[in-house]
1. Among Val41, Val73, Val101, which one shows the biggest mean-square fluctuation in a GNM of the chain, springs joining Cα atoms closer than 10 Å?
2. Report the Cα-based extents of region 122-205 along its three principal axes, largest first, to the nearest Å.
3. Just from its helices, what would the mean residue ellipticity at 222 nm be for the chain, if runs of 4 or more DSSP H residues each count -39500 (n - 2.57) and the sum is divided by every residue, rounded to the nearest 500 deg cm²/dmol?
4. If one takes the longest principal axis of the Cα atoms in the chain, at what angle in degrees, from 0 to 90 and to the nearest 10, does the Cα axis of helix 2-16 lie?
5. Taking square-rooted eigenvalues a ≥ b ≥ c of the alpha carbon gyration tensor, is region 2-114 rounded, prolate or oblate, where a/c under 1.5 means rounded and, failing that, a/b exceeding b/c means prolate?
6. Where is the GNM fluctuation largest for the chain (alpha-carbon springs, 10 angstrom cutoff): Val36, Val157, Val105?
7. Let me know the Rg and Dmax you get for the chain when you use only its Cα atoms, in Å.
8. GNM, the chain, Cα, under 10 Å: largest mean-square fluctuation among Lys135, Lys31, Lys90?
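Computed from the coordinates by the stated procedures, all read-outs in this text should not be read as laboratory data. What you see is a predicted model; the values in this text were computed from it and never measured. Counting neighbours? That spans all protein chains shown, and the Cβs are built from the backbone with ideal geometry, glycine included.
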Amino acid sequence: MYALMYDIQSLLEAKEKTPLVLPVDQYFNVKGIGLVAIGYVQSGRVNIHDDVLLLPANGLGSAKSLQVMDDDVEVATAGDRVGLALRNTKEEHLTGSTIIVHPPVEDKRTNSSIPMALDKHIRSLVQLETSPFQKRILAPGDVIHASVDLQFIVGRVVEANDLQLTVDWEHPLFIRRESPPPVIIAQLDSIPRIMGSAVVTRVDE
C-alpha cells in the first residue's frame with residue numbers, strides 16, 4: 001500500500017513540473033465571488049493571480065482565488081480538484097469541454113518563448129491500438145469520436161492504412177505537447193463502441 005502511495009506521489013510530482021492543463025467539468029456564478037470553474041488539475045500548477053487562457057474559446061482571464069477541498073489555497077497542483085474563481089472572464093468562454101491553460105509567452109527582450117501546453121488539431125494522424133474485443137475495421141468516410149481531457153470531438157476518417165488513420169475533426173481537438181495521454185477512439189454505432197486507444201499527431205496543412 002505504501003509503495004503504491006509513493007508511486008502515485010512520484011507521478012504527481014513529475015506531472016506538477018509540466019505545463020498546466022485543467023479540464024473544466026463544472027462552472028457557475030457564485031454570489032459575491034463571480035464565475036467559478038471546477039475541475040481536476042491534470043498537469044502543472046496554477047497560482048492565485050496567474051493569467052489563464054480558456055480553450056477552445058481563446059478567452060483570457062486570471063485566477064482570482066483557489067479552493068481545494070473547501071480550503072482557500074495559494075496554489076493548486078496536479079491531482080488537485082480545484083475551484084478556480086475567474087476574474088475578467090466572460091461566461092460564454094466556458095463550455096462543456098473547456099480546458100484552462102497558461103497563455104503562451106513571447107519575450108522579445110530575451111528572444112525566448114513558452115508555447116501553449118496544448119496543440120490544436122484540425123487534422124490528425126491517428127495510430128490506433130484496437131481493443132481486443134473490437135472486430136470492426138475503420139474505413140474512409142467513417143465517423144468517430146475522440147475522448148481526451150474531457151473533450152469528446154467528432155471526426156471523419158479521410159484516409160485509412162490498416163491501423164493508421166488520417167482524421168478531420170469537426171471542432172478543434174487539443175492534445176498535450178508534453179506526455180500526452182492516450183486518446184480513446186469510439187464509434188457510437190459499433191458494438192462494442194470503443195475502437196481502442198490511439199497516439200494522435202497533428203497534421204499541418
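1. Maximum among the listed residues: Val73.
2. Principal axes ranked by extent give 31, 23, 19 Å for the Cα atoms.
3. Working: 1 runs with 15 residues, N = 205.
Per the formula, -2500 deg cm²/dmol.
4. 80 degrees
5. Details: a/c = 1.86, a/b = 1.13, b/c = 1.64.
Judged from the Cα gyration tensor, region 2-114 comes out oblate (a/c at least 1.5, b/c at or above a/b).
6. Val105
7. Reported Rg and Dmax, both Å: 18.6, 56.
8. Largest GNM mean-square fluctuation: Lys31.
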